[in-house]
Every structure is written in structure tokens, then in C-alpha cells.
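First the structure, in the form of C-alpha cells, and then the observations on it.
Bear in mind these aren't lab numbers, they're just calculated from the coordinates by the rules spelled out. In this text the structure is predicted, and so the values were computed from the model without any measurement. Positions of Cβ are backbone-derived with ideal geometry, glycine not excepted, and every protein chain shown enters the neighbour counts.
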Amino acid sequence: MEKIWLKQYPEGVPAEVDTTLYPSLVALLEDAFQRHRTLPACSFLGRNFDYGRIDDLSAAFAAFLQAQGLKKGDRVAIMLPNTPQYLVAMAGVLRAGCIVVNVNPLYTSRELEHQLRDAGAKAIVVLENFAATLQKVLGELPMLRTVVLAAMGDLLGLIKGTLVNHVVRHVKKMVPPFSLPHAMRFNEALAQGRGAKPQLPQVGPDDIAVLQYTGGTTGVSKGAVLLHRNLVANILQSEAWYTPALHKVPAGEQLYTVCALPIYHIFGFSTIMLLSMRVGGCSILIPNARDLPALLKTLSKQRFHSFPAVNTLFNALANHKDFASVDWSHLRICVGGGMAVQQATARLWLEKTGCPIVEGYGLSETSPSVSCNPVDSTQFNGTIGLPLPSTDMRLVDDNGQPVPPGQPGEIAIRGPQLMAGYWQRPDETAKAMTPDGYFRTGDIGTMDERGYFRIVDRKKDMILVSGFNVYPNEVEDVLTQLPGVLECAAVGVPDGKAGEAVKVIIVKKDPALTEAQVRGYCEANLTGYKRPKVVEFRNDLPKSPVGKVLRRELRDQEQSKVGS
């Protein structure tokens, strides 16, 4: 199929990128360490850590891992929030020839055991705040021989400051009791590594760089196998796409990016942290984006140009009473991903910051970025934009065949950023791929005559009302434009007559909002079968660590009600 979207590319954005520019992610990182050596790579608790320091510390960590007997291809889990230790550990693991296994620090012990066992992790770096979770399952994981304990105060020992000392003392009080007698402290591991002589292996494009665990389209947690060449390609694709906005940063100023999304999530890992390192930027590390007062306080003291986030974070910030305490005037790019950006949020954000949200789209399986709106856009359009350079997208039916123009279909993707498959799951890999090499995403979309794609909804989230398809995204987008609604979620519930009916769960912005007002608004803006049959008000919605509303959890709650 002709790539009609290329005609819409902004000036200076190429149709293809040279994905062979670096033989590995290690080469890309080492190039960044050398070119930007004296610049800050990240900012944490108001203190900067330059590229040269991350280079030296990560080399020491790589040497430590090798001294522990880890070899090329061994898996090392990283269970850390957004801290400088993450950058050190990540680069050290890759330089040692090992594979990064990103782990959500908020996992339960059951979830943690599944992932570490599935990955066959031989080592883990874990923040002491979550060590108690690891302790519960360590006896069930005999292959996990090396445990490195990090603390919020690591790497800050030489830096004196009242704020730093206060934060570290406060976090110390939040560490649950644990017993890991054979664990080594992070700083001790670095000290041991400095005295070692590493024999760092050659790492090539087809070596595995990361196992990124995802529920995917089935809900079963499995590892997307991301090769070095997949991540290198996506970093270069994103850099090419963002170039028009990056050129708006004043000459001589370093690019500062707000890294509020967790780095263990693929969006934070690749599109924020690694891309920032490639272009010589500085990531402002936010360890807990749910603490909005702390986030706003941090941003009030910094100048920043780039803010990637999810809809829920943009919305929560724009509605926060302290929003005006931050100088937003230097923003040059705001990318929305991870979930649909809603019109009401985009409109409010533009009104308050003057910088439009450009929505993009990606998945763990695609390293992650697949498409994005042009970054020189001046207004929100509700689409996920155009396929990135070197990327092909199409819409397919249940048999994997292309659908007629103008018809909705499942979005399928092919490109150099596409994973090698699911870790030790050839059956799942085969189910996800078409015979000609496209990855089936499970997302239903449409494409217009210019090549812009629009997500209609997740295949599994679709609600079937009397044979009519109802897409939760549409219902939610309409309702969030009702004054008084802060956020909402739409799910299907069993219905004796229609098979399924629409239920909406609403978090109020205005406490005076009534069910009658909600129903009246839906009557005026949604056709009959799309209108909610059930309206429920709650104080909050279940969300993933990234901030994505968990419709599946809401559906499960409804199913349990039926079962009981």
C-alpha cells in the first residue's frame, strides 16, 4: 500500500532513518557519554548528575556484575523508580552484555515472582522501600543469586543540602522492615566494580537488550523481546520526528525534559530517557508523579522544554490549584501517549500553557513509538497522527486481510522497532503476527484520506449493545467535556435485553454534579444505544503506574458482582 501519510510529513522529517547508525544501544549510550560528558544527564532532588559521572559509575557497575559471574545474555531485573541509580544500573547491565528486565516497583510478591521466574533473572537491583516484597519470594527463586539494594540517598553522599537530607530522611521512614542478609548495597557494588577490570563483551544489533513485560492483548504478562537494533531504531525515529520542535529550543540551551512517567515503563524508558540521552538533554527525574504538590514544586524551580505524559497526568495538573506556580512558557513539545488524550484535557492544557498536546501511539512490542502527530501542530485533532519514518501501518480484519478504505479495522504494524517476539512464547508470537510480518495490536482504528490514524478503541474494551458497537473512548471523550466531570471510565455490563449495556464511573470535579445532569448531557450528545444505562460516582478510578485507567479492573469488578 502506498504510504500516503508521507505527503503530510513536516519539512525536514525524512521518510526513512538510518537504523544502522549504531550497532547497539551500548554504542549509542557510550557516544552520548563522550559527546555530552560535562552536561547534566539527569536532575534529581534539585541536583545534577552529568554524563561523565553516569559513564564512570555504569562502567563500575558493569564490572561488578561480571565479577559476580554474570555473562552475556543473562537477565538482570531493575526494580527502581525514577532515580539516578536507574540510569547507572541500566547502562551498566547493557555494557556487561546482559539483558535489562524492567520491573514495576509496586508489584505484589505474586506478580514479582512470576516475572522474575519467567525471565530467569540472575540478579536484581531493588530500592530498599520494596525489598520486603522481594524477601517474600526470594526462597522460590534459586536462580536469583545477586541482590543489590539501592537507597534514595545513594550517589548523594558527596552532595550536602537541606532539601536532599530532608527527603532522604523522610523516605527512610517509609522503608518497611525486611531481611535480605546476603544483599549488597548499591554503593558497595560500585566500589567493588571500580577496582575490577571488566572484559566487556561485544554487543550487536541482534542481541537482546530488554525484556519489557506487558499484558498485551491477552492479559497474560509476557516479555516483549526488544533487540538492540529495535531500540536504536525507535530512538532515531523519534529524534527525526521531534526535530522541528527541538529546533525551537533557544540556541545554547540544553533540552530539559520532565521525566514524570516511570522509566520502567517503555514510554519513559525509550521515548523519554534514552531519547534525551541521545540528543544530549537532561531528564528531570520525578520519582512519584502521583504526588502532584511535590511534582509542581520541583517544576517551579526549573526551566523545561519537553513534557511527555498521559492524559490523566495532564488533566490532574491542569486542574490543580498550584498549576500557576510553575513557569510553563518555555514548553516546546508536549507528547501524549499511553492512553487516549481527551479533547477537554487537550483544550484546557493549551489554554493554560500555550503548548498543544500532540498525541502519539505506541506499545511495549514496538519499542514503543509507532505514530505521532506532527510536533509543529497548533491544535489537537483527536488522532494518533502519522506513522513515524521507516514505519508501515495498516488496518486488517479478523483474518489479517486489509480492510476497504474508510472502514475500521485492527491496527497492524511493521517496522524496525518491532520486537523479535514474546520471550519463550512462540505460540503467543505466532498469534500476534500476520503471515507477512505485521504485528496485530488489538486496537481498532480508522485512517483518513491524508494518512492520519485514529484509535476507535481496544478490541477487548468494545461494548456490544444489541449488536451495535459502542467504543468506550467516545463515551468518555463526550462525558469529560461536561463541566463538573474530572475523569470517567465506560465499561460494558451484562444486560438481559441488549446483551450488554454501558456503565460509566465518574469522578466529580464539581461535588454538586448529579446523575440527572449526566443523563441529560448524554441524551444531547450520544445516540440512544451509546448512552449509559448505569451511572456511578466514585472518588477515584483504578490506574496503572503510568496513570492509564484500568478498564479491565472495572470490568472484573462488575463480573464479580454478577457472580455473587
Worksheet entry | Angle between the chain longest axis and helix 25-35 axis [Cα atoms, degrees, rounded to 10] | 70 degrees
Worksheet item: Under 5 Å between amide H atoms, partner at least 5 residues away or on a different chain: which partners does Asp457 have, H built in plane at 1.01 Å?
Response: Ile444
Worksheet, complete the sentence: Fewest to most Cβ atoms within 10 Å: Ser560, Ser276 sort as Ser560, Ser276
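Going by C-beta contacts inside 10 Å, put Arg450, Arg278, Arg194 in order with the fewest on the left.
Working: Arg450 11, Arg278 20, Arg194 14.
Ascending number of Cβ neighbours within 10 Å: Arg450, Arg194, Arg278.
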Response to the item:
The relative contact order of region 461-563, taking Cα pairs under 8 Å that sit 6 or more residues apart, comes to a percentage of 27 percent
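Of all DSSP beta bridges located in region 172-320, what percent are antiparallel, nearest 5?
Restricted to region 172-320, the bridges split so that about 55 percent are antiparallel.
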Worksheet item: Each residue of region 277-291 in turn: what ³J(HN,Hα) in whole Hz from Karplus with 6.51, -1.76, 1.60 and θ = phi - 60°, glycine and Pro shown as x?
Response: 5, 4, 8, x, x, 10, 8, 7, 7, 10, x, 8, 6, 6, 7
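Report the local net charge at Ala191: Lys and Arg +1, Asp and Glu -1, summed over other residues whose C-beta lies under 14 Å from its C-beta.
Working: positive: Arg185, Arg194; negative: Asp56, Asp154, Glu188.
Charge balance in the 14 Å sphere: -1.
Within the set of other residues whose C-beta is less than 11 Å from the C-beta of Val148, count the net charge using Lys and Arg as +1 and Asp and Glu as -1. Walk me through the numbers on the way to the answer.
On the way: positive: Arg185; negative: Glu128, Asp154, Glu188.
With Lys, Arg at +1 and Asp, Glu at -1, the neighbours total -2.
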Worksheet item: What's the angle, to the nearest 10 degrees (0 to 90), between helix 228-246's Cα axis and the longest principal axis of the chain?
Response: 70 degrees
Item to complete: Could you please state, rounded to a whole Å, how far the C-alpha centre of region 354-408 is from the C-alpha centre of region 174-218?
Response: 34 Å
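Using Cα-Cα distances under 8 Å and only pairs 6 or more residues apart, what relative contact order does region 330-453 have, in percent? Write down the numbers at each step before the final one.
Working: 207 pairs, mean separation 24.2, N = 124.
That works out to 19 percent.
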Worksheet item: For the chain, what is the mean residue ellipticity at 222 nm derived from helices alone (per DSSP H run of n ≥ 4: -39500 (n - 2.57); sum divided by total residues; nearest 500 deg cm²/dmol)?
Response: -9000 deg cm²/dmol
Worksheet item: Where in region 472-548 are there trypsin sites (Lys or Arg not before Pro) that are in a DSSP coil and have at most 11 other Cβ atoms within 10 angstrom of their Cβ?
Response: Lys497
Item to complete: Report, in degrees rounded to the nearest 10, the 0 to 90 angle that the Cα long axis of helix 515-525 makes with the longest principal axis of the chain.
Response: 80 degrees
Item to complete: Mind listing the long-range amide H neighbours of Ala41? Cut-off is under 5 Å, sequence gap 5 or more, other chains count too, H placed in the peptide plane at 1.01 Å from N.
Response: Phe49, Asp50, Tyr51
Discussion item. Below 11 angstrom from the Cβ of Asp207, what's the summed charge of the other residues (Lys, Arg +1; Asp, Glu -1)?
Written reply: +1
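If packing is taken as the average number of other Cβ atoms within 10 Å across a peptide's residues, how do 244-251, 262-269 rank, most packed first?
On the way: 244-251: 14.2, 262-269: 25.9.
My ranking of the peptides, most packed first, is 262-269, 244-251.
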